[in-house]
Structure formats: C-alpha cells, structure tokens
Amino acid sequence: ERLKTTTVYVTHDQIEAMTMADRIVVMNDGRIEQIGTPLQLYDAPANLFVAGFIGSPAMNMLSGTCSDAGFVLKDGTLLPTGRARGAEPGAAAILGVRPEHFELHDDGLPAEVLAVEPTGSETQVVARLAGNEIIIVMHRRISARPGDVLRVRADPDNFHLFNAESGVRIEPEKALA
C-alpha cells in the first residue's frame, strides 16, 4: 500500500493470503474457483473447495438432506436452517459450519468430546456430533475432557449449504419484508 504498487503473489498458504491480500483468486487444478476479498471468500464461499480451503481450522462439513423443516443429518437429527432456494426437499446436501460458530448452550445438541486442545486464548475441541466428527473453537477456556458431553448449537445465519453433487453453494431464501 505504501508503494502504491500492484503485486501478484502466489502462495499455497491460505493464512498468508488472507492476511496479505486485498483480493484473492482461489484456484484448483488450474481453474479459478472464486475471486474476492478475504472476508468475501470466508463469509460466502462459492463452493465446497473454497469452503474447505479458506479458514483454519477448516469448516466442518456435515452430510445430509434438505427438508422443508431444515437440514436432516444422516442420523436423522434435524437442524433448523430455513428453506434454501434451489434445494428440493430430500435433495442430498452438505452443511458447512465454521468451528468458531458453535457455542455451548443448554438447549444444544449433544457432542461427545474426543480431544481438547488449549492454545492459550482459545480452546479447540474435537467432538462427535450426530455421528460426525467436528472441530469447535471456543474463545475461552473450558474444563472438558475426552468422554464428556457438551451441548452445542450454531446460529443458522452462519450455516453454509452446498449441493452434494456439484459442490456449489445453495443460497438461503431471504425473508420477505
């Protein structure tokens, strides 16, 4: 910025790209997957490749099907997501949830703790939620140990829904004003 010079920088390190770039071009096998600012890529990944590549730890991916009531995980657990445009009831899909978007909540779903990794300012928890291994990042210390059950939830506004076949993002319907 100080030199007012445009620079093209190639890196495989997504943290480096996120911190240095004004705009990022995410490529996969020579194909452009998405172009945008670091936060555009993080907040609205265009497909599963971008969703899995941008963010550390990576986005949790949960397989299931769409329904009028929400998203149904493989074990039958229903997550209320709202209706998604382009997602037919019964259609296979993948729900993405970033690790930091989970929170402890008394009304949450049970998640069995598999491992706890305190890193100082945050705690990473590897857990099993409805048969899926997930990573949860808490910006606080918790005293959980393997075998404990935490009750967790995530705000549906932070969910990312992808077509299971194409991997392309499915947009949620906006509420009518």
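Results, tabulated for the structure shown:
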quantity: Loop-located trypsin sites (Lys or Arg not before Pro) in the range 40-114, at most 10 other Cβ atoms within 10 Å (DSSP); calculated: R85
quantity: Helical mean residue ellipticity (222 nm; -39500 (n - 2.57) per DSSP H run of 4+; nearest 500) of the chain; calculated: -2500 deg cm²/dmol
quantity: 10 Å binning of all Cα-Cα separations within the range 1-62, expressed as whole percents from 0 upward; calculated: 21, 56, 19, 4, 0
quantity: Å² of accessible area per residue within the chain, as computed with a 1.4 Å probe and no ligands counted; calculated: 61 Å²
quantity: Rough spin-label spacing in nm, given labels placed 7 Å along Cα→Cβ, for E112 and R128; calculated: 0.3 nm
quantity: Accessible area of the chain belonging to carbon and sulfur atoms, whole % at 1.4 Å probe; calculated: 51 percent
quantity: Loop GluC sites (Glu not before Pro), the range 63-163, which have at most 12 other Cβ atoms in a 10 Å radius of their Cβ (DSSP); calculated: none
quantity: Projected area, mean over directions - the chain, Cα convex hull, nm²; calculated: 13.1 nm²
quantity: Centre separation in Å (Cα based) which lies between the range 20-77 and the range 115-177; calculated: 14 Å
quantity: Cα lying deepest toward the dipole's positive end in the chain, options V8, V50, Q34, charges on Cβ; calculated: V8
quantity: Relative contact order %, the chain, counting alpha carbon pairs below 8 Å whose residues are six or more apart; calculated: 19 percent
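The values are calculated or read from the model by the stated rules, or taken from the named source; none is laboratory data. Being a predicted model, the structure only gives us computed values, none of them experimental. For neighbour counting, all protein chains shown are included, and Cβ atoms are generated from backbone atoms with ideal geometry for every residue, glycine included. We work out accessible area using only protein heavy atoms, side chains counted, and drop any ligands, DNA or RNA first. Shrake-Rupley method; radii C 1.70, N 1.55, O 1.52, S 1.80 Å.
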